[in-house]
1. Please give me, ordered by residue number, the GluC sites (Glu not before Pro) of the range B:77-173 that lie in loop per DSSP and have at most 15 other Cβ atoms within 10 Å.
2. Chain pair A, B: how much accessible area is buried, both chains summed, with a 1.4 Å probe, in Å² to 100?
3. Over the whole of B:148-158, what's the average partner chain Cβ count within 10 Å per residue? Rounded to a whole number, please.
4. Please list 3J(HN,Hα) in residue order for the range A:51-68, calculated via the Karplus relation 6.51 cos²θ - 1.76 cosθ + 1.60 where θ = phi - 60°; whole Hz, with x for glycine and proline.
5. What residues from the range A:115-141 fall in the zone where the backbone N is under 20 Å from a label point 7 Å along the Cα-to-C-beta line of B:Thr50?
6. Using DSSP, restrict attention to beta bridges with both residues in chain B and report what percent are antiparallel, rounded to the nearest 5.
7. Applying 1/(1 + (r/R0)^6) with R0 = 22 Å to the Cβ-Cβ distance of A:His124 and B:Arg118, what FRET efficiency is obtained, to the nearest 0.05?
8. For chain B, what does the helix formula give at 222 nm: sum of -39500 (n - 2.57) over DSSP H segments with n ≥ 4, over the residue count, nearest 500 deg cm²/dmol?
Number of protein chains: 2
Amino acid sequence: MSNPSTTVSTRPPLGCAAVMMQVLRGELRERELPFTHQREAIAQILFESTRHLSADDVAAALRQRGEHAGKATVYRTLALLVELGLATEHDFDEGFKRYETQVGAAQHDHLICTECGRVSTFHHPELDRVLAEVATENGFETITRQVKVFGTCSESAACRDAQRAYREAGPTS
Amino acid sequence: MSNPSTTVSTRPPLGCAAVMMQVLRGELRERELPFTHQREAIAQILFESTRHLSADDVAAALRQRGEHAGKATVYRTLALLVELGLATEHDFDEGFKRYETQVGAAQHDHLICTECGRVSTFHHPELDRVLAEVATENGFETITRQVKVFGTCSESAACRDAQRAYREAGPTS
DNA sequence: AGCGGATTGAGAACCGGTCTCGGAACCGAT
DNA sequence: ATCGGTTCCGAGACCGGTTCTCAATCCGCT
């Protein structure tokens with residue numbers, strides 16, 4: 001942070017979280033919004049996590065670090081991060097939302113195991129192409145998209161069992 | 001319904017709703033679940049509609065027909081229809097769910113206008129292929145999927161304005 | 001008609017999520 | 001450092017969709 005002038009691109013990992021935090025700081029300044037302790041703490045939690053966190057998860061993580069932020073603040077901050085494009089909101093049909101760091105423009109989609117709850121991500125370039133095609137065909141200007149595939153994964157024995165059971169029951173739809 | 005033995009396939013339209021109702025009756029019998037008046041009325045509403053109905057919409061439609069069913073019953077019945085594969089549940093980020101008849105296996109996806117709220121559907125065969133590919137690549141057995149594209153449509157002037165505004169603001173993500 | 005079991009309905013409970021508003025923190029300028 | 005205006009924060013009330021409760025009722029069958 002102190003003398004980045006000479007080297008052009010290579011630098012120690014520094015951590016995605018730290019970079020994201022710098023970006024957040026910049027975005028806030030640009031909008032003349034204060035960089036408060038709470039915003040920092042909540043963003044930190046999200047940036048350091050590789051999982052999809054619920055508002056409750058964030059509050060719990062804060063507590064664990066001896067920090068604290070009101071419910072409203074947690075929600076407000078998460079909404080802010082989404083608005084700034086630094087996080088994305090997901091709904092895995094659990095009755096509440098989950099949030100995740102949005103690193104750059106890399107759009108990715110989800111496979112959700114209905115058996116164990118694991119959420120894995122994938123990115124398929126053709127998907128981008130097809131959906132862009134659909135949008136233009138329909139005179140639609142895409143803002144964002146959600147592609148969710150629900151089913152059973154093959155991670156654990158229980159999931160594989162369910163997978164087999166489902167396959168045998170026959171694909172109804 | 002009375003003598004379907006001789007003719008093989010042609011028959012008067014009969015209405016998709018009536019067919020669906022027959023299917024429902026069969027599914028319930030198969031599971032030894034009673035075919036109650038409320039279940040029939042609620043299913044009727046859904047089967048006859050081509051739109052995505054909320055639980056509230058269903059209750060309102062019932063009232064309009066001089067029928068009535070308790071809130072709990074409406075929710076329970078909609079959940080039942082989903083479980084039987086006769087309806088699908090959708091979440092268009094409105095804070096509540098919507099339901100729609102699921103006719104056969106025709107999977108279709110949605111374009112949701114964030115400006116006017118219109119929901120249009122599309123079906124793109126390549127999408128099926130790509131998602132099937134992704135699933136097998138990941139050892140995943142698909143049960144169902146949801147593809148939602150949020151953006152602005154070009155139906156009304158207001159939407160077109162928003163569309164232009166968004167395009168000019170530049171695609172952030 | 002009668003029986004056993006599942007469904008129904010009114011309202012309470014539940015639960016994410018939002019709103020309110022007095023007090024505290026932030027930021028830029030002094 | 002400090003000051004002032006603006007914004008944010010937090011505790012809790014509130015909201016609205018959905019689920020739960022349980023006695024009364026209905027369904028399907030004999």
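1. Working: sites: B:Glu83, B:Glu89, B:Glu94, B:Glu100, B:Glu115, B:Glu126, B:Glu133, B:Glu137, B:Glu141, B:Glu155, B:Glu168; in loops: B:Glu94, B:Glu115, B:Glu155.
Those that pass, being in a loop and sparsely packed, are B:Glu94, B:Glu155.
2. Values: alone 11920 and 11920 Å², together 20140 Å².
Separately minus together, A and B give about 3700 Å² buried.
3. On the way: counts 6, 12, 6, 8, 5, 5, 4, 2, 0, 0, 0.
Whole-number average of other-chain Cβ neighbours for B:148-158 is 4.
4. 9, 8, 9, 8, 4, 5, 4, 4, 4, 5, 4, 4, 4, 4, 8, x, 9, 7
5. Only A:138-139 pass the distance filter.
6. Bridges in chain B that DSSP calls antiparallel: roughly 75 percent.
7. Working: r = 28 Å, r/R0 = 1.25.
It comes to 0.20.
8. Details: 6 runs with 76 residues, N = 173.
Mean residue ellipticity at 222 nm (helix-derived): -14000 deg cm²/dmol.
The values are calculated or read from the model by the stated rules, or taken from the named source; none is laboratory data. These figures come from a predicted structure and were not determined experimentally. Because the Cβ atoms are built from the backbone with ideal geometry, glycine has one as well, and the counts that use them run over all protein chains shown. To get the accessible areas, we keep the full protein, side chains included, count just its heavy atoms, and leave off ligands, DNA and RNA. Shrake-Rupley method; radii C 1.70, N 1.55, O 1.52, S 1.80 Å.
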